[in-house]
Every structure is written in structure tokens, then in C-alpha cells.
1. For V263, V329, what's the fewest-to-most ordering of other Cβ within 10 Å of each Cβ?
2. Provide the packing ranking of 76-83, 288-295, i.e. peptides ordered by the mean count of other C-beta atoms within 10 Å per residue, highest first.
3. With point charges of +1 on the Cβ of Lys and Arg and -1 on the Cβ of Asp and Glu, referenced to the Cα centre of the chain, which listed residue (L182, N170, A101) lies farthest in the positive direction of the dipole?
4. For a quick check: with amide H placed at 1.01 Å from N, whose amide H comes under 5 Å from S378's, ignoring anything fewer than 5 positions away on the same chain?
5. Can you list the cysteines of the chain that have no other Cys Cβ under 4.7 Å away?
6. What dipole magnitude, in Debye to the nearest 20, does the range 225-383 give about its Cα centre under +1 on Lys/Arg Cβ and -1 on Asp/Glu Cβ?
7. Taking neighbour counts of Cβ atoms within 10 Å as a proxy for exposure, in what order, fewest first, do W216, W15 appear?
8. Once you charge only the Cβ atoms, +1 for Lys and Arg and -1 for Asp and Glu, what is the size of the charge dipole of the range 228-283 about its Cα centre, to the nearest 20 debye?
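The numbers here are math on the coordinates, done by the rules we state, and not lab data. Computed from a predicted model, the values in this text were never measured in an experiment. Cβ coordinates were reconstructed from backbone atoms using ideal geometry, including for glycine residues, and neighbour counts include every protein chain displayed.
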Amino acid sequence: MYNTPANFINEQKIWEILEKNKQADFNKIRETLSKASEMKGLNLDDVAALTNISDPEMLSELFNTANKVKETIYGKRLVIFAPLYISNLCANECLYCAFRATNKDIVRSVLSQKKIANEVKTLINQGQKRVLLVAGESYPKQGFQYVLDSIKTIYEVKTDHGEIRRVNVNVAPLKKEEFKQLKDAGIGTYQIFQETYHRETYNKVHLAGKKRDYNWRAWSLHRAMEAGIDDVGIGVLFGLFDYRFEIMAMMQHIFELEEKFGVGPHTVSVPRLEPATNSDIASHPPFPVSDIDFRKIVAILRLAVPYTGIIMSTRETAKMRRETFALGVSQISAGSKTNPGGYEEKSEDDPSGQFSLGDHRPLDEVIRDVASMGYIPSFCTACYRLGRTGSDFMDLAKPGDIKLHCGPNALSSFKEYLQNYASEETNEVGGKLIHKTINDMSGLAKQRAEKLIKRVEAGRDDVYC
Ligand code: SAM
Ligand code: SF4
């Protein structure tokens, strides 16, 4: 089955629906936005209509609706994580990526388990609790076991106050057996981006290696879910092809997973092409996505899949990141390095990184900025550790009950960060925000938050409900 065409991506249907909804008038858009406000998601026709919005008044209605949905479901929480690049070896030839096999202008490195442990110590000492393990598609002589060993190493590092409590993974598509091993290693989310769902473009930008096989990649989340991985993440690399087509195709992928497995992806990522060493296409994207269209993409996804997390990485500038929090982003990376060993080395935008970063600020500065905007940085990992994953998570999330967990847990994990790792300035901004947030809470959520915060103040780490 997994070598057969991934026919759930139906290109002809996408073009037809986009064409049919090209002239969507104000009434259709308003109807769609009103449907979106019910937070039950959108169908392909609705999404197509929204992708065609260009009128400023309609755009601002779209943004306002996305903001309301985001605040209703997620409140002011923003989950924080850091990527951890363990190796930049790669046998593929993705034209947009500095790690591609023929690029001679980067220094190749594969971190030893000792070096990984050092990177993890640095991250823990910054206050991180969640990492996203990232690697190119070529492993040292141990093969895939290298990835499994690395996950084990990450979980084993402990310091006075901390440890990494959730390891998400973004590595090349695996066989079902390997996905089972990944699950047994205790990962959180398995994440993979199709890059572009448009087959012709896909073939043009992936010149050699296993990644040339569109279908193997497109079916990978099926294999992961069949292997028992409940939380999967999808994404598109925006800039390679028409973003309207890509959103529609990503929706087809989501509907397929929902239909087959009863639950869609846990997260959606929205990377935009960034310059990368020796890559023309990365500096001159064939389908550049403007800032306004990028905000539109985030807002549409927030309405189309209201309960799916949206991830915004440090590819984007601090300004763009700030603007998209209100539109639907629920998870951000912070203080990131994209070269293996980059955390310990403290290198500034190393040319051996995978691409250039838009946001270079250290974690403490990002946290202070986010908190001063009224957002609560959350380092919480409770759901996954309590087995609230996949459809169990969605069942809990949908009626809004998750707020009784996520709200208090975000606050206690933030308090733990402030107490153990923050600068004085950040501690002050964060302390005031926690105080104000608890004052604005009521009922069971407030009781839980107060109780958890007291436990953190008394010196307990890792408390959650
Ligand atoms: N090597 C694996 C793969 O390609 O699936 C997993 C890790 S890869 C390093 C992670 C992601 O980085 C890719 O899926 C791609 O979307 C993104 N990426 C590569 N080059 C990029 C660039 N120039 N700008 C932004 N993102 C890029
Ligand atoms: Fe290798 Fe992934 Fe980069 Fe492609 S995107 S060259 S597979 S690391």
C-alpha cells in the first residue's frame, strides 16, 4: 500500500474547488467565518473561499475570527520548545536545504552521545523542557539505532532542577517497525513535512536520495499511526509552490488521517523558505509568500483545524512571531540553533546551520517579550505523560475541558521556569502576569492554579494536573 500513489491528495479536485470559490463574495465569506466561529472546523470549499480573500475589510474579519477562536480554545498560552540538531549528514538532494549531500560548504558533524548530553545540559540550564530532535537523512554506522540512542540520552540527562520531559522527533520517514521503536523510546510527537504536496514541484526540488519518493513520504504518517504513535505533526515548506494549493492539499491529508484513524494531526507547522548556504531556491523562492499572506495562512489554519496546535519556529522574525500569536499560533521554538552542537558552542548564525534564523534572541528574552504581551509561556508536558494523546487529547480538548488542565499547568510550569532559570527582569514581568492571570480566573481552574503555584513556591518542581 505504501508504494502506491497517495491518492488522498487529489490535485485535480483541489484546482476545481479553488476555481469554484475564486469569486467568493462577502456573503459567502461572512457565512464561512460565522461557521468557523462554532469551532467545528471547515471543509475544502470553505477553506478555498478563505484563501481567496484579498479585500482588507474581509481580511480583518478573518483575523478577528481567528483571534477569537484562538483565545477561546487556547487562552493566552504559548507552548515553548527548542530544536536539537543531532546530525547534519544527509544523502538527499533537497535543493532548498544546506544539509543536502552535494553541498561542500558546510562542516558535517554527527554528535556523539556525550556531545548530545552536553547540548541537553545547556538547554536544560536555559530552562527548556521540550525538545524537537532533528537530523538529516543519513545516519552513522549504527543506522537508525543512533536516533533511538540519542532519544535515550536526552531523557537521561538530569540537572539540579531539570530534565527534558518531552522529546518530539523530526526525522526522515521510517518503516512501520522503526516507528514502533520510536514509540517505545517514549517520543511525544513524530513530525514530518511533505514540503510540497504538488507532485511536479516535489520532483523538481528533490533531486536524489530516498526523499525523491513522494508517496513513501506522503504515507509516512499512516505508518506512524499504525505503529501506535498517536501524536503526529504535518507541515508544508511555504514558498515552493502556490500556498492556496498547499493549504488545500494539507487539508486533504488531515481529512484522510481523521477518516482512517479517527484523529487528525496533533500539530501543523508552517515553515517559510529561508536562505540556506549554497541554495538559490532558498534565497529566491519560486512562490514567495508575503507577510500578509503568511498571516492569512495561519488564520485560515486556525479556523480549519481549531484543535490542532500551530507551530511557529525561529525561521520567522520576532515581529512576525508576535503578530501570529494572536492569529492562532500555539507553540513556538525559542533560542534555537540549527547546527549540530550549536548550543554548547554559542555560535551566531553558523553557516553550517540548516537555514538562517529570523529570531536570534535567547530564551530568556523571548519569554520576557511573550509575557509582556500577556501570553503565558508554557513548558507543560502533562498530557503526554498522563497518556492524554491522540483522540483522548482531542476528546478532552473539544468541549473546552482541557482549559481546566492546560491553564493551571501552563502557570505552574511558567512559575517553575521563573523561579529556577529567569533573569531578574523576566522574573518580575512573569510574576506580575501570573498574579493577574490567576486573579482573572474562576472556579476549578483557579483553585487548581493556586494550588499548583503554591507547590512550586514551596520548592516542588514538575507539578501538574
Ligand atoms: N531530514 C528530514 C527531512 O527532510 O524530513 C528531517 C529534518 S529536516 C532537517 C526539517 C525540515 O527543515 C524540512 O522538512 C524542511 O521543511 C525544513 N527546511 C529545509 N530547508 C529549509 C529552508 N531553507 N528554510 C526553511 N526550512 C527549511
Ligand atoms: Fe536532508 Fe532533510 Fe535537508 Fe532534505 S531537508 S537535505 S532530507 S536534511
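1. Details: V263 21, V329 26.
By the 10 Å Cβ count, ascending, the order reads V263, V329.
2. On the way: 76-83: 22.9, 288-295: 15.4.
Order by mean packing, descending: 76-83, 288-295.
3. Farthest towards the positive end: L182.
4. L78, V79, I80
5. C90, C380, C383, C406, C465
6. Details: 14 positive and 23 negative charges, 99 e Å.
Using Cβ point charges on Lys, Arg, Asp and Glu, the range 225-383 gives about 480 debye.
7. Working: W216 17, W15 14.
Listed from fewest to most nearby Cβ atoms, that is W15, W216.
8. Values: 3 positive and 9 negative charges, 24 e Å.
With Lys and Arg at +1 and Asp and Glu at -1, about 120 debye.
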